[in-house]
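**Student:** A single structure is presented below for examination.
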Amino acid sequence: MEILVEILLEFIVQFFGEFLLQMLWQLFVEVGLQSLAEPFRRQPKPLLAVLGYTVFGAVVGGLSLLVFPDFLMAAKGLRMANVVLSPIVAGLSMAALGKWRERRGQAVLRIDKFWYGYLFALAFGLIRFWFAK
């Protein structure tokens, strides 16, 4: 029974550790973009924004490899599930944050919408999936 509890606890820590890593980086990016948004009043075209957030997510995913070069999850199946599920949760979280900012009358950036947050997190997760040890 103890072995089962240990395995379950290890699974939970690994899965949520990788997910939290993505979410923390995305929140840092969101805060940074909020601070830089003021000088850039014009919104880029949606296709350009999609490309930008995807590339930016990949770059930040690559930078995360400098800090955490190893996977936080041992099993390949869990890593695959993380690549699929974490961007969805991240996109939903960013959309919720965008709605919260909108209700408070704060500026809402594109990353505060589901698809842009999703693309950022997907690129981040794919880079880590492909290149982490």
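**Student:** Which members of region 98-120 meet the condition of being farther than 15 Å from G52 by Cβ, part of a helix (DSSP H, G or I) and not hydrophobic (A, V, I, L, M, F, W, C)?
**Tutor:** Scanning region 98-120 gives G98, K99, R101, E102, R103.
**Student:** Related question: How about region 75-103: which of its residues are surrounded by fewer than 12 Cβ atoms within 10 Å (Cβ to Cβ) and either touching a residue at least 60 places away in the same chain (Cβ under 8 Å) or charged (D, E, K, R) (or both)?
**Tutor:** K76, R103
**Student:** Restricting region 5-52 to residues that are modelled with pLDDT of 70 or more, more than 18 Å from the chain's Cα centre (by Cα) and of a type in the set (D, E), which is farthest from L92 (Cα to Cα)?
**Tutor:** The residue in question is E6.
The values are calculated or read from the model by the stated rules, or taken from the named source; none is laboratory data. Since we're looking at a predicted model, the values are computed, not measured. Virtual Cβ from ideal backbone geometry, glycine too; neighbours counted across all protein chains shown.
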